[in-house]
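We did not get these values from a lab; they are worked out from the coordinates using the rules stated. All of these numbers come straight from a predicted model, not from anything done at the bench. Note: ideal-geometry Cβ built from the backbone for every residue, glycine included; neighbour counts use all protein chains shown.
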Amino acid sequence: MMDFLAAAIRIATPLLLAALGGILSERAGVFAVGLEGMMLAGAFAAAVTAWAADNFAAGILASIAGGALVGVMVAIVTVRMRADNMVTGLAVNILVAGLTSFLARSAGQGGRPASIHLTPLAAWPIPGLSDLPILGPLLFDHPPLTYLAIVACVLMTLFLGRTQIGLTLRATGENPEAVFASGGNPKLVRMLAVIACGGIAGLGGAVLTLQQVGTFTDNMTGGRGYLALASLIVGRWTPVGAAAACLVFGAADAFGLRMQTFGLPASSYVLQMAPYLIALLVLASLGRATRLPASIGRPLD
Amino acid sequence: MRFAIARDSLLPRIALAVALSLLCAAALIALSGHNPFTAFAAMLDGAAGSPHQFGVALNKSTPYLLAGSGVALCFRAGVINIGAEGQIAVGGAGAAATALAWPIDSPLPAILLALAGGAVAGSAWAAVAASIHLARHVHEVLVTLLLNFVAVLLVQQALAGPLGEFGAGFLQSPKMPAPVWLPRAIPGLDAHPGFILGVVLAAGLSFLLWRTRFGFSLRVAGASRPAALYAGFSVARITWGVMLLSGALAGLAGGIEVLGVQRRLIEGFSLGFGFKAVTVALLGALEPLAVVPAALFVGLLEAGSLSMQRQVGVPSSMVAVIEGLTMLFVLAATVRRRTA
Amino acid sequence: MVPLLEMRGIVRTFGAVRANDGIDLDVAAGRIVGLLGENGSGKSTLMKLLFGMLPPDSGTIIFKGRELSGHRPAEAMLAGLAMIHQHFMLIEAMSVVDNVMLGWPAAGKLLRRAAVANQIRGASARFGLDLDPDAKVANLPLGRRQRVEILKAILRGADLLILDEPTSNLAPAEVAGLLTILRRLREEGRGIVFITHKLPEVLDVCDEVVVLRAGRVAGRAPVAGVSRAALAEMMVGRDTTHAHSPDPRPPGAVRLAVRGLRGPGLAGVEFDLHAGEILGVAGVDGNGQIELADTLAGLRRGEGSIVLNGQEIARASVAARMQAGLAYLPADRAQTSLVRAMTIAENFGLRDHAGFLLHPAARTAHAKELMTAYDVRAPGPQTVAARLSGGNAQKIVVGRELDRAPSVVIAHQAAWGLDPGATRFVLDRVVDLRNRGAAVLYISSELEEVLAIGDRVAVLSGGRFAGILSRDKIDLGQIGLWMAGQA
């Protein structure tokens, strides 16, 4: 049981980071459909850099830069050019999928991707705390990026609720005119939020390559960006809510893996559907009461 | 509303967007140590160098054409339906299930029945999205996006169960009965008639859009919701209309892919098709007839990419780069700047 | 007394319109100055210039002894100006304290929520604002939301508050509360500019009043020595001679009978509209004009009865109402009555419903005829509406709606923003139609236009008709008082 929950937390880690990024973007008023591409760019940059520099820290920094670069693209096209958020997100997702695969394969031979082999980051048990019964293995015996995700979730909550910049960001997603009237620059806020979203989602991608798989493969995010989007909806645009949703989704995934090992493959698809169905259910049951940021998707003059 | 486009200067802008993305692609190819001209030449050769190759390109274009013209119709109406991905998958499963459940010996009725099954399934999946959107006021993009994943998993579930081939070790259905195989019907080319059907349907959609009251009402709704209300058009009815139509077209695309290319339902057979349908719809400036060359462009790129990889060593994933860049550039170049 | 604010010779033009034509305005500390004037008299422009939302063409602004020029709203706020817009600049989903902290440097980079909440409680008690810092703005009535705006100004230390139509959305009890708060601000030595149409409030709270008309100061006086009637007259002016006055004629049968029409913005409108009659509806914007027009045309739902030619249409669709003979010229031409991205021909056919197929050739031919008949000046029927001037665009709407020979026409701001030639054209067409027996409801915030064209004149105030006068009994003083919210 402990193993199962710990697995759920590990599976939830990349989702949570991407969802945290998505919260920044959406609370500032830009739909975060590009999360998938941002994660993938981060995963790629992390793997290549960590491998080339033989340094995980460099990989982690590169993942932030890679995701942020995608964020810059999205920010320019949606905020400056006023294009539709959703379709722009789809476009960068296609672009990044192609670009990462192209670059990986260009570096390799005969159209095959360059062979990147990294030893996935191991768990860093926290001395003392990891020996606690129950809580120890659950919370204090994880690889570093998982701790980072948990810390990021707490920091994000504080940032949004307790800082002037966080307040301005949330206000931009609700009523950009009011932000302007109070002396702020809503366009700039949105652009920075989308770029920061890219950086954090890129970090989520790094979890996949540096901590879980140890290499980069084509399209390795496999829809996790969209899953992160679903989890921030279910979590109703709050970091803690999104974390809870990610954990539920992670648990569903872990449960599906268990089922498979017990030879019950059929139900695993239904389990995989659960996140999307839950997100739909939440949206549909709230209806007009869904508290989407009021100005989300609306371009600024 | 979000896609109100300045008609007069559209074609040059789109041409510029395509040129820019090809330029970026060329730069990337050069950076990866290859000659972009040789690479593009190899691509062109692979796409249209022989009747067989061109047939393959036509087959690849078909689902983009069918689903893309439906997406164009939706976007024209201001309904941002990005659910083609799921509707295509469900449509393929619908066609396969119909063909397997009701085998008919003579080809024409067998094919028509199976394709109808695909179209109905795609339409039904779009109806799920439309009803959640309209009844519960959930943003249509979120509904259609989320339902895509559910659809793909539903098809996998079906392949793992009733639709699957026993003991295949892979998620796929049994081979379709021979009568429902789409013939290689285009003379001289190794292509099924799907592309021609797509052109006919795109022409039909274009007629619907420009020559019928319904088409007019959906264009008004897309340009301004208050104007549609003032004109006395029901936005709900328009939404239902375009969603059901585009769902049917996407379902048909899935059915044709299953009957004409794979000849069985295979897991992930339509991966990315629906998102590319959005690309070609934008590239075709949301005009169904202009989606024809747009779909052909993407089909040719994809058909040619493999030979580019084989002959020159440039990875075929370059195609996705071109598609993504084109989409971004088209978005940046054509969306109107100010709500005047 | 040293003035807090001196504005001298302020000029601002928009194209050919001189919105501000050499205006002087002084506000002293501890004084409330009422700024009166009809729509379009230049009040809003003047305040936008002061607050740095627009640059003036010429003139000087001296605030607290320092000249303000080329400033932007952020600098105006730092200098000690606060503007309270008619549409509140608040985040509804957030609490009062969050709204106060937004963009306020004193709240700290790391927000000092508890301290700010205490300041809010203090200010709230001192000025009788009665605001709970933790209340969510969405749950507050409009009067309280306005107090949040005032609170923001107070806490930021504003010396001069500009309130734009602060009472237009308030219930009477809320208005009384607001006036009390303004008096306390005055006691503290702050200056206030109070923009309004409503005379009772001016007389109640202001120390002096400045009346604008057509971009100029039409009069200024200390409130103590001025009568209500004199103010009303200053505001609406005397010049009502107009070229379009229709010949008097006896009214025909009742075409449109409206009873107890209620809904958001409407508080029980009742009237009869007769064949061959124009009922002009005057009133200050925001008193239910859009709601009345849209509800009659079927774009909004309301309670009550609407009988068109003997047929109840209150539940009928937009299309059914058109079928029954109702034409509608809405105020919003950018989004509602015209589709800017479509051609002239398509816009003429916007409200056609007959037949499944469109007939482009016939439609183009018909559009050509209408373009001639309604003097739409454009290269051809395939010209996109967005390229047309305001006058030509409105002629399309007029042509489309009036050419169907409707029995009842609802016109809202039909000549708003048009040049004199186009205005005259539109008004002439409306009068023509009336002469041919149609009934017209002519809603406009331009009083002179309504007086010129109406066989009878009603005043819409607070979502209902304050009164109706027939043409031969027009009493400007009475109309001014109705418009100013005095029944």
Odd one out for C:Thr60 among (1) over 24 Å from C:Val205 (Cβ atoms); (2) assigned to a loop (DSSP other than H, G, I, E, B): (2)
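Mind telling me which of the residues A:Leu203, A:Leu167, A:Leu155, A:Leu188 ends up being surrounded by 24 or more Cβ atoms within 10 Å (Cβ to Cβ) and without any contact (Cβ under 8 Å) to a residue 12 or more places away in the chain?
When all the criteria are applied, what remains is A:Leu167.
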Selection count, segment B:27-42, where residues are assigned to a helix (DSSP H, G or I) and either away from chain A (no Cβ under 14 Å) or farther than 25 Å from B:Phe54 by Cα (or both): 8
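Listed residues A:Arg298, A:Arg236; which is surrounded by fewer than 20 Cβ atoms within 10 Å (Cβ to Cβ), away from chain B (no Cβ under 11 Å) and either in contact with a Pro (Cβ under 8 Å, 6 or more places away or on another chain) or not aliphatic (A, V, I, L, M) (or both)?
A:Arg236
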Of all residues making up segment A:271-288, the number that are surrounded by fewer than 18 Cβ atoms within 10 Å (Cβ to Cβ), of a type in the set (A, V, I, L, M, F, W, C) and facing chain B (nearest Cβ under 9 Å): 3
Number of the exception - B:Cys24 against (1) within 19 Å of B:Val291 (Cβ to Cβ); (2) outside any loop (DSSP other than H, G, I, E, B); (3) within 14 Å of chain A (Cβ to nearest Cβ); (4) not aliphatic (A, V, I, L, M): (1)
Subset of segment A:52-106 that is more than 7 Å from chain B (Cβ to nearest Cβ) and assigned to a loop (DSSP other than H, G, I, E, B) - its residue that is nearest to A:Leu24 (Cα to Cα): A:Asn55
Pair list, Cβ < 6 Å and 6+ apart or interchain, from segment B:74-87 residues that are assigned to a helix (DSSP H, G or I) to residues that are crowded, with 24+ Cβ neighbours inside 10 Å and polar (S, T, N, Q): B:Cys74/B:Asn81; B:Cys74/B:Ser246; B:Glu85/B:Asn148; B:Gly86/B:Asn148
Residue ID - surrounded by the fewest Cβ atoms within 10 Å (Cβ to Cβ), chosen from residues in segment C:311-323 that are of a type outside the set (Asp, Glu) and away from every other protein chain (no Cβ under 12 Å): C:Arg315
The lone exception for A:Gly222 - which of (1) part of a helix (DSSP H, G or I); (2) without any contact (Cβ under 8 Å) to a residue 24 or more places away in the chain it fails: (1)
Answer from C:Ala411, C:Ala415, C:Ala452, C:Ala405 - the residue that is within 23 Å of C:Arg249 (Cα to Cα) and part of a loop (DSSP other than H, G, I, E, B): C:Ala405
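Given the options C:Ala314, C:Ala297, name the one that is within 20 Å of C:Ile396 (Cβ to Cβ) and among the small types (Gly, Ala, Ser).
Numbers: C:Ala314 fails: within 20 Å of C:Ile396 (Cβ to Cβ).
Only one candidate qualifies: C:Ala297.
Within segment B:212-244, work out how many residues are of a type in the set (Lys, Arg), surrounded by fewer than 18 Cβ atoms within 10 Å (Cβ to Cβ) and touching a residue at least 24 places away in the same chain (Cβ under 8 Å).
Qualifying residue count, segment B:212-244: 1.
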Residues (in a strand (DSSP E or B), in contact with a strand residue (DSSP E or B) (Cβ under 6 Å, 6 or more places away or on another chain) and among the β-branched types (Val, Ile, Thr)) located in segment C:165-216: C:Ile192, C:Val193, C:Ile195, C:Val209, C:Val210, C:Val211
Any hit, segment B:123-131, residues being part of a helix (DSSP H, G or I), closer than 30 Å to A:Leu227 by Cβ and in contact with an Asp or Glu (Cβ under 9 Å, 6 or more places away or on another chain): yes
Residue in segment C:74-84 that is at the interface with chain A (Cβ under 9 Å from one of its Cβ atoms) and in contact with a helix residue (DSSP H, G or I) (Cβ under 6 Å, 6 or more places away or on another chain) present: yes
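May I ask you to say which residue of B:Ile266, B:Ile322 is more than 9 Å from chain A (Cβ to nearest Cβ) and either touching a residue at least 12 places away in the same chain (Cβ under 8 Å) or more than 30 Å from B:Ala127 (Cβ to Cβ) (or both)?
After applying the criteria, what remains is B:Ile266.
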Single residue of segment C:347-359 satisfying the filter (within 7 Å of chain B (Cβ to nearest Cβ) and closer than 23 Å to C:Ala386 by Cβ) that is surrounded by the most Cβ atoms within 10 Å (Cβ to Cβ): C:Leu350
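Do you know which residues across segment C:257-282 are in a strand (DSSP E or B) and more than 23 Å from the chain's Cα centre (by Cα)? Write out each step before concluding.
As a first pass, look at segment C:257-282 and keep what is in a strand (DSSP E or B): C:257-263, C:266-274, C:278-282.
Within segment C:257-282, C:Ala257, C:Val258, C:Arg259, C:Gly260, C:Asp272, C:Leu273, C:His274 meet the criteria.
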Residue count for segment C:360-381, restricted to those that are outside any helix (DSSP H, G or I) and either at the interface with chain B (Cβ under 7 Å from one of its Cβ atoms) or within 22 Å of C:Ala439 (Cα to Cα) (or both): 1
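Could you say which residue among C:Gly52, C:Gly108, C:Gly103, C:Gly70 is more than 14 Å from chain A (Cβ to nearest Cβ) and among the small types (Gly, Ala, Ser)?
C:Gly70
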All positions within segment C:84-136 that are loosely packed, with under 15 Cβ neighbours inside 10 Å and of a type in the set (A, V, I, L, M, F, W, C): C:Ala106, C:Leu110, C:Ala114, C:Ala115, C:Ala125, C:Ala135
Residue match in segment A:184-198 (condition: closer than 27 Å to A:Val77 by Cα, within 14 Å of another protein chain (Cβ to nearest Cβ) and in a loop (DSSP other than H, G, I, E, B)): yes
Search result, residues across segment C:333-346 that are within 11 Å of chain B (Cβ to nearest Cβ), of a type outside the set (Lys, Arg) and in contact (Cβ under 8 Å) with a residue 40 or more places away in the chain: C:Ser337, C:Leu338, C:Val339, C:Ala341, C:Met342, C:Thr343
Criterion violated by B:Val298 - all others in (1) of a type in the set (Val, Ile, Thr); (2) within 10 Å of chain A (Cβ to nearest Cβ); (3) assigned to a helix (DSSP H, G or I) satisfied: (2)
